[in-house]
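Okay, so here's the structure we're looking at.
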Ligand SMILES: [Zn+2]
């Protein structure tokens, strides 16, 4: 996200990949396990306008620190040393601009291999670089994404080239979009002053919790006890928490108050944004006795307003 | 209970009223003949009373606007609306403001209706989700169809009745109000890393041309009786000699109704030492000579902004030129978009020519009913600059002061320096509401006749027109006071205007399903946007021509 804010990116919806891409690179991503339908629907076997033969019309490269189950779907596997993504990508940018590094290999990869990859990118009808958590959650974080977007923009001088993050976690893209149209920022928003302020590193959940700043937490459809670093999650155990979730989770188990709600897309209709930002309407297929998740939230807001009025009257 | 606005000078160009002192009555959301004895009275002494403003072209919602917000956190930092200032919902400003802030700001300038003009069909659901979060104004979207592979496929086979059927279906599936074309064929060519440079150039993968695309869609729109005609962003926009393409496109229409949007961005020639010139006078002449054509200007004003357009190849060009951030978002089977921040500098020769060209269009087009005030928000400037633009049009001394501050080399060349015309309040009322509403086919908007929507702006008369239009004394939406002295006093939600054209031109059901199966990644059954996404829908009827 921060990388996108810093420089933008060449992107497209996944149908463009299905219809046109003849070079697909997965970098730090293991779609066979993390996004099992991605390959058949969009990026691998999918048939499209310029890819009538599907898989045969594409060259697929996997770049990772070890051969994952996705490797067997790739035409080429490039193994790099852990934590060397930034270096390897920077050398690829050099190679793209016609400069040679004074080393035979970088990050455990032969420079020749990278040269071949760069020229495939330049010659592609449409090249796509999908990058996953292996690159966004390791050393360098948004610097890694930034160098990927930069590479994508430079490749756009030669070929149609896209750089697309492999986002996961159900509707995280929808929550980012909604935050953005309501506050101007996709995450790490602080309303403390009465208006939205953005400062990742200061107002992001992990940082706030590590500093033990929050004295209460309202958690909606998130699993911080499972996903956050220990130190941050630990603070949640020491403050009152209200958790809205359809399922029993590590977080509901430690919550002060749990409000079970309908599961969006299962027992209540709703909208979820796909990783390429296309909103999909979700239908209700099962009944559930619980309320929709906005109902308890509305009631909490209502009650807070009443309490504030009462307080003002005193 | 009703409201009476007394003692104001009514400017209602749709009824030929120019500063007529009379009382405006309203009740139950409409202008009425008599609001009754118990009506609340607003004393508008010293004010003019106009219908609420109508913005025919402003990028305020949808995927690419949200990318513009996302990409410029620095732009939101120093401007915000806060609950402490009395707003129901906080937000941030800057050139791509948040949804609630957008609604508040339009309202605070006296605007009550806005059109988001460039939504790719796949982005319609997103756009409507944002519109639902824009308060204070009525709103509508135009759907982008000028790069639709479905239409191209039918065009190549000459199956025009299927194009009618598809456009009818897609209007309903996107809950749109009309159709926009951006760079016809160009966004499709951009998917092959190419662009279109001539209206008779063939696309690389489909046997059709921009001329054929534009004509087929315009004819289909006429057949369906859509209330607003084709809204067109020409090929070759933003480059020297763009004016030639604009003229060629207008001629290709052979008298069919056409709205040329942000024509300023198509008004450049290649003469002069810098090979960049304003050809606005020629385009103004073309508009004067062709009564089928209306335009909005897309005025450039100096300052930092963010450009947002479905014209992907243009944004790539701008990115290479400026080295700015660049986002590109091609949309499968449909269209594309780009986002690039841009800083219009008065010291820049090119930017000064652009600034002058817009004003020249305003001042040289004789009939104010056929030119509408826009900045192509935020492409030329953010919409909050409208009051400044109004003053530039109404006050020639003020304009002259500004001409003196632009690039001297440009100032020496521009036709603008010889133009003395000053817009009157009556003409401003036409280009900011009456004319735009009429061209949109919104019979209840842009005027103050009995039966009109009770959307009214009351401006306190001042020689400083910028001040006057920046802070209306009262703004009423649906017959309720919603802002006073340029400040929202009450949060309300307007309606979303949409059409539902007739069907039955051809049976394309099976073909559409096959197309979706082959080329889309979204199931056709999940594709249409239902009315549940429009919290307050208002169906605007189509006017189908009777065949005899
Ligand atoms: Zn526009």
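The values are calculated or read from the model by the stated rules, or taken from the named source; none is laboratory data. These numbers were taken from a predicted model, which means no experiment stands behind them. Here Cβ is always computed from backbone atoms with ideal geometry, including for glycine, and neighbour counts include all displayed protein chains.
Checking the conditions here, which among A:9, A:74, A:96, A:3 is more than 28 Å from residue B:318 (Cβ to Cβ) and buried (at least 16 other Cβ atoms within 10 Å of the Cβ)?
Values: A:9 fails: more than 28 Å from residue B:318 (Cβ to Cβ); A:96 fails: more than 28 Å from residue B:318 (Cβ to Cβ); A:3 fails: more than 28 Å from residue B:318 (Cβ to Cβ).
That would be A:74, the only listed residue that is more than 28 Å from residue B:318 (Cβ to Cβ) and buried (at least 16 other Cβ atoms within 10 Å of the Cβ).
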Just to check your reading of the model, which residue among B:83, B:89 is more than 16 Å from the ligand (Cβ to nearest atom) and out of contact with any strand residue (DSSP E or B) (no Cβ under 9 Å at 6 or more places or on another chain)? B:83
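Is segment B:264-285 home to any residue that is within 16 Å of the ligand (Cβ to nearest atom) and assigned to a loop (DSSP other than H, G, I, E, B)?
At the first step, the residues of segment B:264-285 found to be within 16 Å of the ligand (Cβ to nearest atom) are B:264-267.
Adding the requirement that they be assigned to a loop (DSSP other than H, G, I, E, B) leaves B:267.
Yes: segment B:264-285 contains one or more residues that are within 16 Å of the ligand (Cβ to nearest atom) and assigned to a loop (DSSP other than H, G, I, E, B).
Select, from B:86, B:46, the only residue that is more than 30 Å from residue B:328 (Cα to Cα), modelled with pLDDT of 95 or more and surrounded by fewer than 16 Cβ atoms within 10 Å (Cβ to Cβ). Walk me through how you get there before you give the answer.
On the way: B:86 fails: modelled with pLDDT of 95 or more.
Residue meeting the stated conditions: B:46.
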Flagged in segment B:355-388 as closer than 21 Å to residue B:75 by Cβ and within 16 Å of the ligand (Cβ to nearest atom), in numbering order, are B:374, B:375, B:376, B:377, B:378, B:379, B:380, B:381, B:382, B:383, B:385, B:386
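Matching residues to (1) surrounded by fewer than 19 Cβ atoms within 10 Å (Cβ to Cβ); (2) within 13 Å of chain A (Cβ to nearest Cβ):
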residue	(1), (2)
B:272	yes, no
B:280	no, no
B:292	yes, no
B:300	no, no
B:303	yes, no
B:308	no, yes
B:311	no, no
B:317	yes, yes
B:329	no, yes
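Only one of B:333, B:337 is buried (at least 24 other Cβ atoms within 10 Å of the Cβ) and away from the ligand (no atom under 16 Å from the Cβ). Can you tell me which?
On the way: B:337 fails: away from the ligand (no atom under 16 Å from the Cβ).
Of B:333, B:337, the one residue that is buried (at least 24 other Cβ atoms within 10 Å of the Cβ) and away from the ligand (no atom under 16 Å from the Cβ) is B:333.
Taking the condition farther than 27 Å from residue A:279 by Cα and either modelled with pLDDT under 95 or within 12 Å of chain A (Cβ to nearest Cβ) (or both), does residue B:491 pass? Don't jump to the end; show me each part of the working.
Numbers: farther than 27 Å from residue A:279 by Cα: yes; either modelled with pLDDT under 95 or within 12 Å of chain A (Cβ to nearest Cβ) (or both): no.
No, not satisfied.
Let's see how each residue does on (1) without any contact (Cβ under 8 Å) to a residue 40 or more places away in the chain; (2) within 22 Å of residue B:114 (Cα to Cα); (3) within 19 Å of the chain's Cα centre (by Cα); (4) surrounded by fewer than 20 Cβ atoms within 10 Å (Cβ to Cβ):
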| site | (1), (2), (3), (4) |
| --- | --- |
| B:381 | no, yes, yes, no |
| B:405 | no, no, no, yes |
| B:432 | no, yes, yes, no |
| B:436 | no, yes, yes, no |
| B:443 | yes, yes, yes, yes |
Would you be able to tell me the number of residues in segment A:262-283 that are more than 12 Å from chain B (Cβ to nearest Cβ) and free of Cβ contacts under 8 Å to residues at least 40 places away in the same chain? 5
Return yes or no: is residue B:172 at pLDDT below 95 and under 27 Å from residue B:517 (Cβ atoms)? no
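Being buried (at least 23 other Cβ atoms within 10 Å of the Cβ) and either in contact with a strand residue (DSSP E or B) (Cβ under 6 Å, 6 or more places away or on another chain) or at pLDDT below 95 (or both) is the filter here; which residues of segment B:445-457 pass it?
Correct list: B:445, B:446, B:447, B:448, B:452, B:454, B:455, B:456, B:457.
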Members of segment B:158-188 that are within 16 Å of the ligand (Cβ to nearest atom) and more than 14 Å from chain A (Cβ to nearest Cβ): B:176, B:177, B:178, B:179, B:180, B:181, B:182, B:183, B:184, B:186
Considering segment A:226-273 alone, what residues qualify as being closer than 16 Å to residue A:216 by Cβ and assigned to a loop (DSSP other than H, G, I, E, B)? A:237, A:238, A:239, A:240, A:255, A:256
Helices (runs of 4 or more DSSP H) contained in segment A:134-224 and holding at least 2 residues closer than 21 Å to residue A:87 by Cα: A:142-155
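Is at least one residue of segment B:422-432 over 18 Å from residue B:10 (Cα atoms) and part of a helix (DSSP H, G or I)? Walk me through it before giving the result.
Within segment B:422-432, the subset over 18 Å from residue B:10 (Cα atoms) is B:422.
Among the residues that remain, those that are also part of a helix (DSSP H, G or I) are: none.
No.
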Sole exception among (1) modelled with pLDDT of 95 or more; (2) within 14 Å of chain B (Cβ to nearest Cβ); (3) within 17 Å of residue A:124 (Cβ to Cβ) for residue A:44, by number: (1)
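Sort through B:261, B:249, B:245, B:208 and tell me the only one that's touching a strand residue (DSSP E or B) at 6+ places or on another chain (Cβ under 6 Å), touching a residue at least 24 places away in the same chain (Cβ under 8 Å) and crowded, with 20+ Cβ neighbours inside 10 Å.
Testing whether each residue is touching a strand residue (DSSP E or B) at 6+ places or on another chain (Cβ under 6 Å), touching a residue at least 24 places away in the same chain (Cβ under 8 Å) and crowded, with 20+ Cβ neighbours inside 10 Å leaves just B:261.
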Taking only pairs six or more apart or across chains, which ones have beta-carbon atoms under 7 Å, a first residue in segment B:99-123 that is more than 14 Å from chain A (Cβ to nearest Cβ) and within 16 Å of the ligand (Cβ to nearest atom), and a second residue that is at pLDDT below 95 and in a helix (DSSP H, G or I)? none
The residue that is nearest to the chain's Cα centre (by Cα), considering only those in segment B:69-95 that are at the interface with chain A (Cβ under 7 Å from one of its Cβ atoms) and part of a helix (DSSP H, G or I), is B:69
